[in-house]
Amino acid sequence: MNIPLALILFRFLLAPIILMLAYFIGESAKTIIVILMYLGLISDILDGIIARKQNISSAKLRRMDSQTDMIFWLSIGFATWILYPTLISENAAVIWTILGMEVACYVISFLKFKKETCTHAFLSKLWGLTLLVAFTSLIGFNYAGIPFALAIIMGLLSHIDRILITLILPKWTHDIPSAYHAYLIRKGIDFKRNDYLNG
């Protein structure tokens, strides 16, 4: 059994479930949505680690993982909008900025490599953690505040890093820890990877 693939598919299936819970049940389902969000993040952490430990980590699997991540977090974002539209509208400017940068990451990567971005960078992982805290605060307690602000800051930093990685890399590849590591790749300098953090 391909456990990493099963974990990715599990996270993919969580997206429509989360949206349906938010739309059809509403605030009464917020605890379940938060629990599913945590399960999704745990699956995201485990799929990469297990794939590398089993030596089955491939470009195809990592690309699938990356696109599933985007779908999963977008479903959480839309669920938050369904539950608390006023809260989201009050922060619309920064949310659209992050979404715009996400689109920019894909556009730049397609223009340069004819493929989508698939970096799984350190800052992106940190952004995922801050998103977890922010959405726990938003969905669980109807509060933005500091958790939301930190998620926005990390979102901006991680997207800048991803754009730099794409611009620096001489050819498309996946699992690049940072723009600095992309520079090392461009210069042909080898570096040690962490099995638990990056491929």
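Would you tally the residues in the stretch 30-51 being of a type in the set (S, T, Y) and open to solvent by 20 Å² or more (accessible area, probe 1.4 Å)? So the answer is 2.
Residues that are touching a Ser or Thr at 6+ places or on another chain (Cβ under 8 Å) and either β-branched (V, I, T) or in contact (Cβ under 8 Å) with a residue 60 or more places away in the chain (or both) within the stretch 154-174 comprise I165, T166, W172, H174, listed in sequence order. For the stretch 156-175, the candidate set comprises residues that are modelled with pLDDT under 95 and either under 16 Å from L126 (Cβ atoms) or among the β-branched types (V, I, T) (or both); within that set, the residue that is least open to solvent (accessible area, probe 1.4 Å) is D175. Screening the candidates I50, I35, I82 for the property of being aliphatic (A, V, I, L, M) and closer than 16 Å to L132 by Cα yields one hit, I35.
Pairs linking a residue in the stretch 71-97 that is more than 18 Å from L150 (Cα to Cα) and among the hydrophobic types (A, V, I, L, M, F, W, C) to a residue that is part of a helix (DSSP H, G or I) and open to solvent by 20 Å² or more (accessible area, probe 1.4 Å), with Cβ atoms under 7 Å and 6 or more positions apart or on different chains, are I71/F12; F78/L19; A79/L19; W81/I88; I82/Y23; L83/E27; L83/K30.
The criterion of at least 2 residues that are surrounded by 19 or more Cβ atoms within 10 Å (Cβ to Cβ), modelled with pLDDT of 95 or more and of a type in the set (D, E) is met by none of the helices (runs of 4 or more DSSP H) wholly inside the stretch 52-145.
The values are calculated or read from the model by the stated rules, or taken from the named source; none is laboratory data. Since this is a predicted model, take the numbers as computed values, not measurements. Positions of Cβ are generated from backbone atoms using ideal geometry, with glycine treated the same way; all protein chains shown enter the neighbour counts. Areas reflect the complete protein model, heavy atoms only, side chains present, ligands, DNA and RNA absent. Shrake-Rupley method; radii C 1.70, N 1.55, O 1.52, S 1.80 Å.
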